[in-house]
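Colleague: First the structure, which I've put down as structure tokens, then a few questions once you've had a look.
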């Protein structure tokens with residue numbers, strides 16, 4: 001009987017230790033999030049800067065988007081939210097330029113989800129300039145104005161800057177979220193050390209809880 005009691009006590013302590021090791025609501029550096037080696041400057045004043053590095057072709061980015069959009073709304077005036085489309089080879093370049101062009105034209109919010117749907121629902125790969133131009137014309141965007149911007153120096157500069165940013169923010173997978181130029185997390189990062197197998201939806205929920213905690217932490221550090 002005493003052996004059984006000792007075993008149960010040990011099991012209880014082990015379970016508690018596992019629970020303490022991974023907590024999205026009280027995240028630990030190096031476990032549910034990473035601290036950037038070199039903090040990056042922000043331009044958002046007292047508000048917390050939140051950057052999502054993503055790609056239109058990425059199924060995990062597509063899956064996260066609805067929950068992330070709701071999270072951004074919930075945060076409200078606490079944050080300034082930005083997106084950066086990652087650089088990832090020649091086949092992704094048209095998608096990246098599409099993103100930056102829509103942003104430059106002030107049409108990103110109107111068409112962002114439509115681009116995702118084009119790729120993941122309609123299976124339009126958008127991996128050639130001609131496919132992008134056909135898609136924007138089909139969606140009622142001024143084709144000549146779009147192409148002029150798409151092929152301009154401004155967009156080329158954004159693409160080059162993104163390569164530099166990915167290095168500075170230590171981006172090696174996506175979606176990846178940067179909180180106030182200091183902290184890095186994602187559904188994968190926030191759940192990689194979990195002892196329990198998680199669905200993608202559960203990983204997303206865990207990441208959003210980590211992001212809540214990091215926004216609060218960054219906001220407190222601004223005082």
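Colleague: Would a scan of the range 28-39 turn up a residue that is under 17 Å from residue 207 (Cα atoms) and modelled with pLDDT under 95?
Modeller: The answer is no; no qualifying residue exists.
Colleague: Continuing with this model, one more query. Would you point out the residue of the range 65-101, among those that are assigned to a helix (DSSP H, G or I) and free of Cβ contacts under 8 Å to residues at least 24 places away in the same chain, that is farthest from residue 202 (Cα to Cα)?
Modeller: Taking the range 65-101 and keeping what is assigned to a helix (DSSP H, G or I), we get 65-78, 93-101.
Within this subset, residues satisfying the condition of being free of Cβ contacts under 8 Å to residues at least 24 places away in the same chain are 66, 69-70, 72-74, 76.
Working: 66: 14, 69: 17, 70: 16, 72: 18, 73: 20, 74: 19, 76: 23 Å.
Going through the qualifying residues, I end up with 76.
Colleague: Can I ask one more? Going through the range 76-86 one residue at a time, which ones are surrounded by 18 or more Cβ atoms within 10 Å (Cβ to Cβ) and out of contact with any strand residue (DSSP E or B) (no Cβ under 6 Å at 6 or more places or on another chain)?
Modeller: Selection gives 85 alone.
Colleague: Sticking with this structure for a sec: All but one of (1) assigned to a loop (DSSP other than H, G, I, E, B); (2) buried (at least 16 other Cβ atoms within 10 Å of the Cβ); (3) more than 20 Å from the chain's Cα centre (by Cα) hold for residue 147, so report the exception by its number.
Modeller: With respect to (1) assigned to a loop (DSSP other than H, G, I, E, B); (2) buried (at least 16 other Cβ atoms within 10 Å of the Cβ); (3) more than 20 Å from the chain's Cα centre (by Cα), residue 147 is out only on (1).
Colleague: Within the range 1-27, take every residue that is surrounded by 10 or more Cβ atoms within 10 Å (Cβ to Cβ) and outside any helix (DSSP H, G or I) and give me the one that is modelled with the lowest pLDDT.
Modeller: Here the answer is 22.
Colleague: Right, next: Scan the range 192-220 for residues that are in a helix (DSSP H, G or I), over 15 Å from the mean Cα position of the chain (by Cα) and in contact (Cβ under 8 Å) with a residue 40 or more places away in the chain and report the count. Show your work before the answer.
Modeller: To start, the set of residues in the range 192-220 that are in a helix (DSSP H, G or I) comprises 200-220.
The next check asks that each one be over 15 Å from the mean Cα position of the chain (by Cα); those that pass are 202, 213, 216-220.
From the residues that got through so far, the ones that are in contact (Cβ under 8 Å) with a residue 40 or more places away in the chain too are 213, 218-219.
Qualifying residue count, the range 192-220: 3.
The values are calculated or read from the model by the stated rules, or taken from the named source; none is laboratory data. It should be emphasised that the depicted structure is a prediction, and the values quoted were computed from it without experimental measurement. In this analysis, Cβ positions are derived from the backbone assuming ideal geometry, glycine residues included, and neighbour counts consider all displayed protein chains.
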